[in-house]
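Have a look at the structure below before the remarks.
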Amino acid sequence: MRNQDYIRLEEDYCARNYHPLPVVITKGEGVWVEDVEGKRYLDMLSAYSALNQGHRHPQIIKSLIEQANRLTLTSRAFHNDQLAPFSKLLSEITGQDQVLLMNSGAEAVETAVKLARRWGYLNKNVKPDQAEIIVCANNFHGRTITIISFSTEALYRDGFGPFTPGFKVIPYDDITALKQALNKNTVGFLVEPIQGEGGVIVPKDGYLKRAKEICQENRILFILDEIQTGLGRTGKLFCYEYEDAKPDVLILGKALGGGCVPVSAVLSSKEIMAAFVPGNHGSTFGGNPLACAVGKAAIRVILEEKLAENAFALGAYFQAELKKLNSPKVAEIRGKGLLIGVELSPEAVPARTYCERLLELGILAKDTHENVIRFAPPLLIKKEEINWALKRIAQVL
């Protein structure tokens, strides 16, 4: 079967909640994938940063197979021998005391929301059902009912109400707005270090650090969603390290599963995590031994192969070379590490047209917000592979 045969079949049998580029991928290794017709592509999306370690990294696949041959699932009704070692490793690399493992990023965000609310009721004497969490316009934290309740993207909300109350939306990268939004019911500030889905929006230097200080001054939880920016993507192990803005609650996902299985985590102090007691939160698959074994391998690969350092160096090179193109179709190039957004000038949109042309030239990239092309290759990419891509990107831009 050819690409179009699979696409037609998918259109018949799959819900139309995505609009993929017209390619059907069947193989992947490192930064390269292959479609069903044998054409190779350089993956510059990395499954929205879930493939920081590349496709089918041998060390991760080895751990996956070894654990699958022993034990895959117990539920949390019982202990398993992978949960504690994985949690200990996560605690060590983040400097947080405790971990609560879930599956998807959206689940982890929901977990953090529940944590912040219950912490506020137990520790700030917020009246029942009055807790408020401050969030930012243009955010993306997932697609559950509660999460889209504080989204400002009309498409995510249209037809899905009624929505969950308890959220206050302020402009991103605006410290004054954060101060003004605070009140006695505020229990947390949930924010992305860089707004990835929002168009790779990078805040001003010092924004995260000052936001953390305000949270500390007002005894509210500083909650960072590093699902997309964490684990080396921006050139540091965690993006908040650029500003020494360690959060009270850290949310991880995507690359934590090494491109193999869904793994997400919420990390915090013992004092904050004490808001959870047996029975008031959980997940059948959260913390399963297969995911934990893969997660340990995923972290080891990032650390041992210095993928954050590679992202830092090659991200700076990639951005500099993109700017040298000096294309009139480009309004701005921004990002950190290997999370880069190319914003098109108003007359050049839509960005999808450029992604379709890149696809023809052997590059997988994805548009976001109609006017931004996002480049986020696996972190083990080499300079010569970036140069290969740059020649083709130049043809399109």
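Sub-7 Å Cβ pairs linking a first residue in segment 203-224 that is in a strand (DSSP E or B) to a second residue that is of a type in the set (Gly, Ala, Ser) and surrounded by 19 or more Cβ atoms within 10 Å (Cβ to Cβ), at least 6 apart or interchain, are LEU221/ALA116; LEU221/GLY188; PHE222/ALA211; ILE223/ALA112; ILE223/ALA116; ILE223/GLY188, ordered by first then second residue.
Taking (1) under 30 Å from LEU221 (Cβ atoms); (2) assigned to a helix (DSSP H, G or I); (3) under 24 Å from the mean Cα position of the chain (by Cα) in turn, THR284 satisfies each apart from (2).
Are any residues in segment 142-176 under 20 Å from HIS19 (Cα atoms) and in contact with an Asp or Glu (Cβ under 8 Å, 6 or more places away or on another chain), and if so, which ones? Talk me through it step by step, then tell me what you get.
Looking only at segment 142-176, we keep the residues that are under 20 Å from HIS19 (Cα atoms), and these are 142-144, 148, 153-160.
Answer for segment 142-176, where residues must be under 20 Å from HIS19 (Cα atoms) and in contact with an Asp or Glu (Cβ under 8 Å, 6 or more places away or on another chain): GLY142, THR144.
Being more than 20 Å from GLU356 (Cβ to Cβ) and either free of Cβ contacts under 8 Å to residues at least 12 places away in the same chain or out of contact with any helix residue (DSSP H, G or I) (no Cβ under 6 Å at 6 or more places or on another chain) (or both) is a description that applies to ASP81. Every listed requirement among (1) at negative phi; (2) in contact with a His (Cβ under 8 Å, 6 or more places away or on another chain) is met by ARG117 save one, (2). Within segment 87-99, residues that are farther than 13 Å from ILE302 by Cβ have Cβ atoms under 8 Å from residues that are among the charged types (D, E, K, R) in these pairs: SER91/ASP97; GLY95/LYS246; ASP97/LYS270; GLN98/LYS270, counting only partners at least 6 apart in sequence or on another chain. For segment 77-89, the candidate set comprises residues that are buried (at least 16 other Cβ atoms within 10 Å of the Cβ), more than 16 Å from PRO262 (Cβ to Cβ) and not hydrophobic (A, V, I, L, M, F, W, C); within that set, the residue that is farthest from the chain's Cα centre (by Cα) is ASN80.
I'd like to check something: does segment 62-69 contain any residue that is within 21 Å of GLU304 (Cα to Cα), loosely packed, with under 12 Cβ neighbours inside 10 Å and of a type in the set (Asp, Glu)? Looking for residues that are within 21 Å of GLU304 (Cα to Cα), loosely packed, with under 12 Cβ neighbours inside 10 Å and of a type in the set (Asp, Glu), one finds at least one in segment 62-69, hence yes.
Of the helices (runs of 4 or more DSSP H) that lie entirely inside segment 17-103, those containing 1 or more residues that are assigned by TED's automatic domain parsing to the domain that holds ASP158 and within 22 Å of LEU339 (Cα to Cα) span 83-94.
Report yes if PHE150 is among the aromatic types (Phe, Trp, Tyr), in contact (Cβ under 8 Å) with a residue 12 or more places away in the chain, part of a loop (DSSP other than H, G, I, E, B) and buried (at least 22 other Cβ atoms within 10 Å of the Cβ), otherwise no. Yes: the conditions hold for PHE150.
Just so you know, in segment 366-397 the residues that are free of Cβ contacts under 8 Å to residues at least 40 places away in the same chain and of a type in the set (Asp, Glu) include one that is farthest from GLY335 (Cα to Cα), and it is GLU384. Residue-level check: of (1) out of contact with any Phe, Trp or Tyr (no Cβ under 6 Å at 6 or more places or on another chain); (2) in a helix (DSSP H, G or I); (3) β-branched (Val, Ile, Thr); (4) not assigned by TED's automatic domain parsing to the domain that holds VAL200, VAL294 misses just (4).
Just so you know, in segment 157-192 the residues that are in contact (Cβ under 8 Å) with a residue 40 or more places away in the chain and among the polar types (S, T, N, Q) include one that is farthest from ILE272 (Cα to Cα), and it is ASN183.
The values are calculated or read from the model by the stated rules, or taken from the named source; none is laboratory data. Only a predicted model underlies this, so the values are computations on that prediction, with no experimental measurement involved. We place every Cβ from the backbone using ideal geometry, glycine too, and count neighbours over all the protein chains shown.
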